[in-house]
Amino acid sequence: MTATGALVARYAAVVCDLDGVVYRGPSAVPHAVEVLGSLSMPVLYATNNASRSPHDVAAHLRELGLACTPDAVATSSQAGAWLLADRLRPGSRVLAVGGAGVATALAEAGLHPVLAADAAAGEVQAVLQGYGPAVTASDLAEAAYAVEGGATWVATNTDGTLPTDRGVAPGNGSLVAAVERAVGSPPDLVAGKPSPPLYLLCAQRLDLDPKRVLAVGDRLDTDIEGAVAAGMDSLLVLTGVDDLRACLEAPSHRRPTWVAPDLRALFADPDDTNGELALLADAVQAVHAARDVGTASDEVDALVAKAESVVGNAGHR
Ligand SMILES: [Mg+2]
């Protein structure tokens, strides 16, 4: 049940990031499963990770205890295929670079995926480039040849790094940069966050105006910037990459509508002026406003300390 005064009751649906919001590695983020499982509105899970299929992501979420079907998962591969389906005739040949999720998304969007090994056999109208652990230099070469030949080039996402349990690996953005270096220009389109298409695909699936959707994420430079670009309100939860300090320093195109220690804030009442959701929103906004007008640094520091004390108090619940 969702109380009428709850933050989430102001919206018709939630689009939620995964890593750092719902899980970290294999384990669930505290409170995430209980909160998301008790929402009485549609929830879509939007991920820049193009290598796992919606089927695999949904299976992972079910293991954590969430009732989730593959159609509740939107990936940057699907968003890339959606962009291309809008621009090409059905059945058009598209070079699929990346994990299996890339070719699957193209086929589901009514396009004809062509693997790099078969690319020499005929022209392709476009390239969809996503991450895959088995992507080779030959795959990147085929992408470059196609782009040089005039194919539309769509990157699923441009995340430069991929954190793994053994260290930081090159992410799709690094592989895209290799092709960019060869062809001399960036991709024509990027599907994943912080570009808007992934969020806009979610809004279309929900049949809702983006204004009626709340985007939830843990990263300012992807989740929140993407929400701002797509015209969605956003909630930054401090359970993943970015902390309060980063939020307070964010430029205007990366500022969330709401900030909270964790997902339980979805049930908090923003009109409760003594509640931590309103106190934190006010404190964060005061810091942003002070920075924007060039307020003296000691005054900004005092506002920062005030915002940090709100989060500190919340941490002792
Ligand atoms: Mg995340």
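A short reminder: the numbers here are calculations on the coordinates, not readings from a lab. It should be emphasised that the depicted structure is a prediction, and the values quoted were computed from it without experimental measurement. Here Cβ is always computed from backbone atoms with ideal geometry, including for glycine, and neighbour counts include all displayed protein chains.
Springs between alpha-carbon atoms under 10 Å, Gaussian network over the chain: tell me which of Leu36, Leu128, Leu235 tops the mean-square fluctuations.
It is Leu36.
Which order do peptides 6-13, 177-184 fall in by mean Cβ count within 10 Å, highest first?
Put in order of decreasing packing, that is 6-13, 177-184.
Fewest first, what order do Glu63, Glu276 take by the number of other Cβ atoms within 10 Å?
Glu63, Glu276
If packing is taken as the mean number of other Cβ atoms within 10 Å per residue, what is the order of 220-226, 22-28, highest first?
220-226, 22-28
So what's the stretch 77-190 giving for Rg/Rh, alpha carbon basis, Kirkwood Rh from the mean inverse pair distance?
The Rg/Rh ratio comes out at 0.95.
Quick one: net charge around Asp243, please, counting Lys, Arg +1 and Asp, Glu -1 for every other residue with C-beta under 12 Å from its C-beta.
In short, -2.
Provide the percentage of antiparallel DSSP beta bridges, counting only those with both residues in the stretch 77-190; round to the nearest 5.
20
Direction-averaged shadow area of the convex hull around the Cα atoms of the chain, nm²?
That works out to 17.3 nm², a quarter of the Cα hull's surface.
Residues in the stretch 48-87, backbone N under 18 Å from the label point at Asp207 (7 Å along the Cα-to-beta-carbon vector): list them, ranges by number please.
Answer for this model: 71-73.
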